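Any read-out appearing in this document is the output of simple, stated calculations on the displayed coordinates, not a laboratory observation. This structure is a prediction, so every number in the text was calculated from the model and none was measured. Glycine gets a Cβ as well: all are built from the backbone with ideal geometry, and neighbour counts include every protein chain shown.
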Amino acid sequence: MYYVKEAYVRCIEAAGGIPLLVPPLQAEGDIQEILKSVDGVLLPGGVDIDPVHFGEEPREGLGRVEPSWDRLELAAARYALVRDLPILGICRGAQVLNVAAGGSLYQDISSETRGECLQHSQKAPRWYATHSIKIERESLLEKMLGMQAVRVNSHHHQAVKMPAPGFRATAVSADGIIECIESEHHRFACGVQWHPELMVEHYPEQMEIFRHLVRCAAEAK
Ligand code: MN
């Protein structure tokens, strides 16, 4: 069974976009054929990324990996980056975007930071904002959310380690974990480590992230 969680679909719809779900196909060329018909890409959350894609062996703390999703999403990210198609990565999607552009990840934050990190796999309700992030001035994220600090939910044990060349970290949590990356060379290539699609009902400003993606996609037509 292939599926995408409903909240992503609803947020793209609510932002004025038309969501199209792309299945993990075998051939990169076939994935590209489907992507020819879209104006923007959203990379959703999911399982861990195979560290082979950023040149590392699997560490003890690595969780489940799924080669077919890696293939699909890395291909989609590369497709969007090459064509400057607007792309938003959420959680795993932010990590996929970073890896596709040549960056690296923590395979497991708590073991690679010797446990000196916040609780990034929250036990609170999934929508609830549990930790704060500091947002860089003049960043796209600041423009979208209209603030320099915000609280976000957290459902990840991996994170961006080294932002890809041409990308910069524009938000960090109090323990220094990167919570947002933005490309300096694309119209809109952004990855957020939290799950705005689960927050929008209680924190309406999070909708701006989806509105921005859809707006940029409409302009790209
Ligand atoms: Mn977090």
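Across the stretch 57-113, the number of residues qualifying as in contact (Cβ under 8 Å) with a residue 60 or more places away in the chain and among the acidic types (Asp, Glu) comes to 1.
Residues considered: 42, 20. Of these, the only one that is under 21 Å from residue 213 (Cβ atoms), without any contact (Cβ under 8 Å) to a residue 24 or more places away in the chain and either of a type outside the set (Lys, Arg) or in contact with a strand residue (DSSP E or B) (Cβ under 6 Å, 6 or more places away or on another chain) (or both) is 20. Of the residues making up the stretch 147-204, those that are charged (D, E, K, R) and closer than 19 Å to residue 118 by Cβ are 151, 161, 175, 179. Residue pairs whose Cβ atoms lie under 7 Å apart, separated by 6 or more positions or on different chains, with the first residue in the stretch 155-175 and in contact (Cβ under 8 Å) with a residue 24 or more places away in the chain and within 14 Å of residue 98 (Cβ to Cβ) and the second of a type in the set (Ser, Thr, Tyr) and more than 10 Å from the ligand (Cβ to nearest atom), are 158/106; 159/106; 161/104; 161/106; 162/104; 166/183; 167/183; 170/139.
Can you find even one residue in the stretch 115-135 that is surrounded by fewer than 19 Cβ atoms within 10 Å (Cβ to Cβ) and away from the ligand (no atom under 16 Å from the Cβ)? Within the stretch 115-135 (the criterion being surrounded by fewer than 19 Cβ atoms within 10 Å (Cβ to Cβ) and away from the ligand (no atom under 16 Å from the Cβ)), the answer is no, since none of the residues qualifies. In the stretch 143-171, the qualifying residues are those that are within 10 Å of the ligand (Cβ to nearest atom) and closer than 13 Å to residue 106 by Cβ, and the one that is surrounded by the most Cβ atoms within 10 Å (Cβ to Cβ) is 159. Highlighted here are the helices (runs of 4 or more DSSP H) found entirely within the stretch 69-177 that include at least 3 residues which are under 19 Å from residue 208 (Cα atoms): 140-145.
The set of residues from the stretch 177-214 being free of Cβ contacts under 8 Å to residues at least 40 places away in the same chain and away from the ligand (no atom under 16 Å from the Cβ) comprises 184, 185, 204.
Going by the conditions given, is residue 83 out of contact with any helix residue (DSSP H, G or I) (no Cβ under 8 Å at 6 or more places or on another chain) and closer than 26 Å to residue 219 by Cβ? So residue 83 passes the test.
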